[in-house]
Amino acid sequence: MSAFAQVAFSWDWDYALRVLPDIARGLWQTILATLVGISIGMVLGLLLALLRRSRVRVIRWPTIAFIEFVRSTPLLVQLFFIFFVFPGFGLVLSPFVTLVVGLGIHYGTYTSESYRAGIENVERGQWEAATALNLSAATTWSRIVLPQAIPTVIPALGNYLVAMFKDAPLGFAVAAGGILLAAQSEASRSFRPIEPFTLMGVLFLAVSIPAAFFVRYLERRYGYERA
């Protein structure tokens, strides 16, 4: 009997339909963690981009060091550090909060580079015009620079959203609820890994593929070119 025939023979539709709601709930938790994480990442990334442009070295250099350190270490290691080391300093976070904070910080350092590129692409004449009009720094940033810089980085932020969705199941390592934890729990209970993990893959693709197409649309919409 071929390998395909063995898999087909062992597939249990009744069991698959029975565990589908649990896997779907795990998918929703993964989506929720991704949405909260990208929200944190976009805000933190903009803040880091602004701090990195500071003329004060005591602000600029620690910001650069933080960005490079986070970008150079694996997300999984960062999740372990937040979950297991932070309690030693009195900061105890739940598994889900650990996941969204870890995702937000990790991808915040990447989005900061996108923001920085968008800011640097604003024409120098725009800055000079703001200076000539004696606009305050707050007005220059909020009314002139950021409205021009942010739209150009939207496709890159979309790419990071898709990448974060793919990394969110790493929350399994700290027992954060998600699609991988749901599938693993079902497989461990029933000793039938085929149905839970197959459903996990199908549901994951059902979200990630449309999201990837949406990012391609954003790239065409804003004339974004991959590096």
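The values are calculated or read from the model by the stated rules, or taken from the named source; none is laboratory data. Keep in mind that what you see is a predicted model, and the values were worked out from it rather than measured. Counting neighbours? That spans all protein chains shown, and the Cβs are built from the backbone with ideal geometry, glycine included. Note: accessible area is taken over every heavy atom of the protein model, side chains too, but ligands, DNA and RNA are not part of it. Shrake-Rupley method; radii C 1.70, N 1.55, O 1.52, S 1.80 Å.
Quick notes on this one:
- Of the residues making up segment 105-113, not a single one is within 29 Å of the chain's Cα centre (by Cα), closer than 30 Å to A33 by Cα and without any contact (Cβ under 8 Å) to a residue 40 or more places away in the chain.
- Taking the criterion of being farther than 17 Å from V145 by Cα, open to solvent by less than 40 Å² (accessible area, probe 1.4 Å) and over 20 Å from the mean Cα position of the chain (by Cα), the only residue of segment 20-62 that qualifies is I23.
- Selection from segment 116-175 of residues that are of a type in the set (A, V, I, L, M, F, W, C), under 22 Å from the mean Cα position of the chain (by Cα) and open to solvent by 70 Å² or more (accessible area, probe 1.4 Å): F172
- Counting only helices (runs of 4 or more DSSP H) wholly contained in segment 1-81, the ones carrying 3 or more residues that are over 17 Å from F165 (Cβ atoms) and either at pLDDT below 90 or touching a helix residue (DSSP H, G or I) at 6+ places or on another chain (Cβ under 6 Å) (or both) occupy 3-10, 13-52, 57-71.
- Every residue from segment 113-126 that is at pLDDT 80 or above and not acidic (D, E): S114, Y115, R116, A117, G118, I119, N121, V122, R124, G125
- Selection of first residues in segment 134-149 that are modelled with pLDDT of 80 or more and of second residues that are of a type in the set (V, I, T) and outside any helix (DSSP H, G or I), restricted to Cβ pairs under 8 Å at least 6 apart or on distinct chains, gives the following pairs, ordered by first then second residue: I144/V122; V145/V122; Q148/V122; A149/V122.
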